[in-house]
1. Give region 199-247 a look and list any residue that's open to solvent by less than 40 Å² (accessible area, probe 1.4 Å), farther than 24 Å from Ala131 by Cβ and part of a helix (DSSP H, G or I), or say none.
2. Every residue in region 181-194 that is open to solvent by 10 Å² or more (accessible area, probe 1.4 Å) and either among the β-branched types (Val, Ile, Thr) or assigned to a strand (DSSP E or B) (or both), please.
3. I'm trying to understand the selection: among the residues of region 307-325, which are open to solvent by less than 50 Å² (accessible area, probe 1.4 Å) and either part of a loop (DSSP other than H, G, I, E, B) or of a type in the set (Lys, Arg) (or both)?
4. For Ser63, only one of the following conditions fails: (1) outside any loop (DSSP other than H, G, I, E, B); (2) more than 29 Å from Lys265 (Cβ to Cβ); (3) of a type in the set (Gly, Ala, Ser). What is its number?
5. Can you report the number of residues in region 269-290 which are surrounded by 17 or more Cβ atoms within 10 Å (Cβ to Cβ) and either part of a strand (DSSP E or B) or under 19 Å from the mean Cα position of the chain (by Cα) (or both)?
6. Among the listed residues Gln332, Gln266, identify the single one that is surrounded by fewer than 22 Cβ atoms within 10 Å (Cβ to Cβ) and either touching a Leu at 6+ places or on another chain (Cβ under 7 Å) or modelled with pLDDT of 90 or more (or both).
7. Name the pairs: first residue in region 115-142 and farther than 12 Å from Val24 by Cβ and crowded, with 20+ Cβ neighbours inside 10 Å, second residue modelled with pLDDT of 85 or more and of a type in the set (Lys, Arg), Cβ to Cβ under 9 Å, at least 6 apart or on different chains?
8. I need a count of the residues in region 74-94 that are at pLDDT below 90 and not in a loop (DSSP other than H, G, I, E, B).
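The values are calculated or read from the model by the stated rules, or taken from the named source; none is laboratory data. Please read all numbers here as calculations on a predicted model, not as lab measurements. Cβ placement follows ideal geometry from the backbone for every residue including glycine, while neighbour counts extend to all protein chains displayed. These area figures cover heavy atoms from the full protein model, side chains too; ligands, DNA and RNA do not enter into them. Shrake-Rupley method; radii C 1.70, N 1.55, O 1.52, S 1.80 Å.
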Amino acid sequence: MVGQNVPMTISADGSDPVRIVTAVLRDGDRVLLCHRSAGRRWYPDVWDLPGGHVEEGEDPKESLVRELREELGITASEPSGPPRHEIRTATFDMQIWLVDRWTGTPVNAAPDEHDAVAWFEASDLDGLRLAHESYLSMLTAAVMGRPFPRGSLIDTLTRMGDGDASLRPADVTTALDMALTALKAAGADPVYRVVGTSAALLQGVHLPVGDIDLLVTRREDVNTFAAALSSFPCLHAASWLPEASQYFANYDVNGVAVGMSTVEKQVDSDGMECIGDGPWQHYILIRCGSHRVPVVRLELRLITELLRDRPDRYEPLLDHMGSHGFDSALLQRAMTARRLPAERQRLVHDLLVARRAGAAD
């Protein structure tokens with residue numbers, strides 16, 4: 001029987017997402033996990049990956065080396081390639097590397113964080129209570145020497161560095177059409193917005209998409225969606241996630257993870273993608289099958305990607321906005337609300353001017 005896996009989320013202040021680095025430590029046909037003690041406030045009594053927060057001024061790879069030294073007492077070289085997985089939400093970014101070379105013997109060097117560390121073979125993993133539902137397939141693949149799979153997660157999950165395709169526009173529109181048709185059949189009509197990379201994809205910007213994120217204002221609306229989707233596989237039952245201030249549920253609709261969530265934080269701004277008035281005031285309607293779907297405007301998504309410093313994401317957004325137009329006042333308010341550095345604001349202005357000039361030619 002598969003272990004009772006729990007959702008993972010990290011608290012943040014509603015602006016920049018917290019950056020996390022972790023490692024799948026592999027020794028032949030086994031992997032190492034750290035057990036969070038039963039007395040921990042968040043996610044007690046689960047097996048987790050070693051790692052931790054990226055400190056200010058650190059490169060993520062440097063952070064990984066430091067965390068492995070502090071938690072396990074080993075010395076690992078900085079990874080030479082990109083992470084094998086990245087789990088992203090509005091509140092945190094987690095990068096996961098495969099590490100199979102180090103010096104020293106792993107021990108529990110941080111007993112205040114974990115009460116045990118242990119090695120597990122593939123046959124051991126199925127019964128563990130893991131900190132994240134993606135871990136089972138990921139760890140099994142690592143032990144078996146197979147590529148890490150792309151699975152349905154409660155967060156946006158993409159394979160990194162191998163060129164593997166993410167969800168196609170047809171995948172997103174089909175899953176949304178099926179979910180909203182089930183909602184209509186149940187006689188429900190909650191207010192929602194599509195956010196995240198799937199919202200950009202629906203507007204014609206080809207970003208990597210791992211799932212569909214639906215934002216609602218009330219917990220009752222999450223429950224309404226959950227009831228309407230009860231005939232689909234449930235990936236995470238509706239529940240409160242205290243570290244993210246979210247009430248969340250997730251379902252597999254036609255092979256696509258469709259999550260619906262509140263974000264219960266108050267800000268006095270309309271320039272944020274998932275918090276405050278921004279997603280409710282600034283959206284457009286996109287046809288998905290028999291439904292017109294409200295998706296959050298690209299200006300708000302652009303700021304999220306700029307803050308995360310992902311040029312492979314913000315450059316396609318800038319290209320699209322430069323050629324199709326954008327709301328300059330909204331963009332400026334969003335940059336101000338998210339405290340985008342002045343030099344990055346100038347970069348956005350210069351790139352958009354260049355794109356518009358290119359489109360005019």
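1. Passing the criteria: Ala199, Ala200, Leu201, Leu202, Asp221, Phe225, Ala228.
2. Within region 181-194, Thr181, Val191, Tyr192, Arg193 meet the criteria.
3. First pass over region 307-325, keeping only residues open to solvent by less than 50 Å² (accessible area, probe 1.4 Å): 307-308, 310, 313-314, 316-318, 320-322, 325.
Arg308, Arg310, Arg313, Gly325, listed by residue number.
4. Looking at each condition in turn, Ser63 falls short on (2).
5. If we filter region 269-290 for residues that are surrounded by 17 or more Cβ atoms within 10 Å (Cβ to Cβ), which is where we start, we get 270-276, 278-279, 282-283, 286, 288.
Still in the running and either part of a strand (DSSP E or B) or under 19 Å from the mean Cα position of the chain (by Cα) (or both): 272-275, 279, 283, 286, 288.
Here the count works out to 8.
6. Numbers: Gln266 fails: either touching a Leu at 6+ places or on another chain (Cβ under 7 Å) or modelled with pLDDT of 90 or more (or both).
That would be Gln332, the only listed residue that is surrounded by fewer than 22 Cβ atoms within 10 Å (Cβ to Cβ) and either touching a Leu at 6+ places or on another chain (Cβ under 7 Å) or modelled with pLDDT of 90 or more (or both).
7. Hits for this filter: Ala131/Arg36.
8. 7
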